[in-house]
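Report on the following structure.
The values are calculated or read from the model by the stated rules, or taken from the named source; none is laboratory data. These numbers come from a predicted model, not from an experiment. Cβ atoms come from the backbone with ideal geometry, glycine included; neighbour counts cover every protein chain shown. Just the protein is used for accessible areas: all its heavy atoms, side chains included, with ligands, DNA and RNA removed. Shrake-Rupley method; radii C 1.70, N 1.55, O 1.52, S 1.80 Å.
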Amino acid sequence: MGSDSKADGATPLEGVVAAGAVMVAAGALGAAQAAAGGGSRLLATLWHMAQVAVLVTDAQLRIVAVNPAFEQLTGYAEHEVLGAKPSLLQSGLQPHAFYEAMWQALGAHGVWQGEITNRRKDGTHFHEFLKIQAIRADEGGQVRCYVATFNDLTLEKAAQSQAQHLASHDLLTGLPNLLLMRDRAGQAMGQVGSGSCVMAVMLLDLDHFKAINDSLGQAGGDELLRQIGHALSTGVTSAETVSRRGGDEFVVLFPSADATLLPQMAQRVLVALADPFAVNGREAVVSASVGVAVYPSDGADFDTLLSHAEVAMYQAKESGRRCIRFFTDDMNQGARGRMDLLSDLSRAVSRGELRLHFQPVVNLASSVVVGAEALVRWERPGVGLVPPGEFIALAESSGLIMGIGQWVLNEACQHLARWRSMGLGHLHLAVNVSAMQFRQGQLEQQVSDALERSGCDPSRLELELTESVLMVRPDEVMAVIRRLKQRGVQLSIDDFGTGYSSLAYLRRLAVDKLKIDQSFVRDLTIDPDGAAIVRAVIQMARSLGLKTVGEGVETQVNRRALQVLGCDLGQGYFFGRPIGVADFEQAALRSSAVAALPPSGLGAGGRLGLRGSGLGS
Ligand code: C2E
Ligand code: MG
Ligand code: MG
């Protein structure tokens, strides 16, 4: 503590300030009371009620009075401090020069105020706002006493710094938030940009976090995010900042890095996630897809860099996740293209830009057209006819597939109804159903609506599902399929052989058809193993009472090979490419007319000679 007298080097008044109290010379209180006239009781009440601590000393700096607020704040009872010097409150944190300046001001102006840290009886420090007033007998006269008032700023300061922390940090992980990171990036940008020294923004998105979150529950997921945040911050240096952007996305700012070393730096951060995390006694293994953008080459401000890091991160996801991608301009064009595509696609249904094409499915033995597969196309303004391969995946990931799927179902059922009235009621029409339509739980309703609106025969409608649809929540899928089958709708497995469906499962689903994927059909005549596989599939399907369709039949050789192996139906360019409805209807009418002819009327190139009928390629 400082001292109370000049003898030990400090000014005599230092102690008064240290005490942070008001000092009144003996009798000052009485004088004040006298001045208040009949108000002595009022003054006493104020003295006791005041929230602010008050301390009074005589001219020799001996404490002569303290109020209850003083006792409460400092922990000292009045009888413990009376006669003592206020220096008993000194924290030792203020330098000597601080007191000197203060007492100079007091001497010159008779008053001083400011912030100071003192010490309570129990040794803890508190920060206070202190005002000291010297009271003189008359103007220019001797100081009779000192009055000091002070209040505790500790809580206020704590609240202030907590508010500051909250405004700049993420609540869940306690990591700096993007505001703070943006600020730090701004400072870093001023210092880099010469030679190979760059600033880098790295965005990490956890892979499959939704599934992990679902399995751990909300609280477990939060705990995992906290642990990941902590692990990431231990993987960086003190100059680098880790922040959470929200959800399962983290951002790392490298304020200054050698561009050639960035790949290693990014890898170093990922190493922090390599070990499994333990949440509620369970192990969680996580990986991340990472995109990196670099200042100044990839953007002039933090927000541009972050959005470019995001573009690169999506590229990492597309490349199979668990990897790092650095932003390039090509990626940006790709991303912009996808945005435009998505925005145009979202209006395609309402603007009537979708078309259905029909690819004939024929009986391999008789070459008679038995039906078709409905394949969607998009007449995109200014672009032309866009094949489904270019927009179905995007429609699925964005949810637009729901509207598109509903449109296709409605359209298909309308065609089936019309075909019946045209004498083509024997034709079936297959519609592709995507996994998302199933997952959203609306497929059943969509099919019912389409059937009812059109009035078509449900047994002519065939739904094509891929094996992947069947793998997700098999029990729910099975229940929906059962109900659809009860309505008479047919079911086929598309691209069979590319997934992992079990035969027992297909049997339980009461599937009607297997469509053997074109990759097997293509290999049929080249690869003996391929032929063995197709033969096994056909035999197995037969034993389960399923029909088989060979997809992608492009040549007569393919067609014959399939037929020899016992495949029932075929679809492919050899019989006809997907075509508009009018062309398909004509071909189908021709086919049924030829089928009705006696055998002698058949052409030599196949029962129907479809290839010469305008359907072939
Ligand atoms: P998919 O269901 O397996 O349809 C068969 C695809 O193979 C069609 O391509 C068809 O034109 C093509 N193809 C047919 N025969 C041959 C052949 O001999 N050789 C070759 N190389 N290809 C042949 P498309 O029309 O481009 O459709 C591609 C995929 O888009 C479809 O594969 C299907 O998965 C999806 N798709 C098409 N329409 C829809 C739809 O309405 N909804 C959904 N969810 N997906 C659809
Ligand atoms: Mg299909
Ligand atoms: Mg297929």
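Worth a mention:
- Equivalent ellipsoid semi-axes - Cα gyration tensor, the stretch 150-306, angstrom: 27, 25, 12
- Split the accessible area of the chain by element, probe 1.4 Å, and carbon with sulfur accounts for 52%.
- Candidates Val537, Val56, Ser238 compared by Cα position along the dipole of the chain: farthest toward the positive end lies Val537, with charges placed on Cβ.
- Annotation: per residue accessible area for the chain equals 47 Å², rounded to a whole number [probe 1.4 Å, protein chains only].
- Pairs beyond 28 Å (Cα-Cα), from Lys85/Lys131; Lys210/Lys485; Lys317/Lys485: Lys210/Lys485; Lys317/Lys485
- For the stretch 322-468, the relative contact order works out to 20 percent when only alpha carbon pairs closer than 8 Å and six or more residues apart are counted.
- Ratio Rg/Rh [Cα only; Rh per Kirkwood] for the chain: 1.30
- Cα centroid separation - the stretch 511-550 against the stretch 396-415, whole Å: 29
- For the stretch 304-403, the Kirkwood radius over C-alpha pairs fed into Stokes-Einstein at 20 °C and 1.002 mPa s yields D = 133 µm² per second.
- Computed from Cα positions, the angle between helix 262-271 and the longest principal axis of the chain comes to roughly 90 degrees.
- Shown in residue order for the stretch 58-68 are the 3J(HN,Hα) couplings computed by the Karplus curve 6.51 cos²θ - 1.76 cosθ + 1.60 at θ = phi - 60°: 7, 5, 8, 6, 8, 5, 10, 7, 9, 9, x Hz (x for Gly and Pro).
- Percent RCO, i.e. relative contact order, over the stretch 42-142, from Cα pairs under 8 Å lying at least 6 residues apart: 19
- The relative contact order of the chain, computed from alpha carbon pairs under 8 Å that lie at least 6 residues apart in sequence, is 8 percent.
- Charge dipole (debye, nearest 20) of the chain; +1 at Cβ of Lys and Arg, -1 at Cβ of Asp and Glu: 2020
- If you take all other residues with their beta carbon under 11 Å from the beta carbon of Leu175, and give Lys and Arg +1 and Asp and Glu -1, the sum is +2.
- The charge dipole of the stretch 376-458, taken about its Cα centre with unit charges on the Cβ of Lys, Arg, Asp and Glu (plus for the first two, minus for the last two), comes to roughly 140 debye.
- Ranking Gly299, Ser591, Leu375 by Cα position along the charge dipole of the chain, where only Lys, Arg, Asp and Glu carry charges on their C-beta atoms, puts Ser591 farthest toward the positive end.
- From helices alone, the chain scores -13000 deg cm²/dmol at 222 nm; the rule is -39500 (n - 2.57) for each run of n ≥ 4 DSSP H residues, then divide by the residue total.
- DSSP bridge orientation in the stretch 213-327 - percent antiparallel, rounded to nearest 5: 75
- Under-5 Å amide H pairs with Val361, H placed in peptide plane, nonlocal only: Val370, Gly371, Ala372, Glu373
- Folded to 0 to 90 degrees: helix 302-318 orientation relative to the chain principal axis, Cα: 40
- Karplus-derived 3J(HN,Hα), 6.51/-1.76/1.60, for each residue of the stretch 429-439, Hz, glycine and proline x: 10, 9, 10, 7, 10, 8, 4, 4, 4, 5, 4
- 13 Å beta-carbon shell around Pro388, net charge (K/R +1, D/E -1): -3
- Projecting the Cα atoms of Leu569, Met478, Thr525 onto the charge dipole of the chain, computed from C-beta unit charges around the Cα centre, puts Leu569 farthest toward the positive end.
- Antiparallel content of DSSP bridges confined to the chain, in %, to 5: 75
- For the chain, the longest principal axis of the C-alpha atoms and the axis of helix 329-348 are separated by about 70°.
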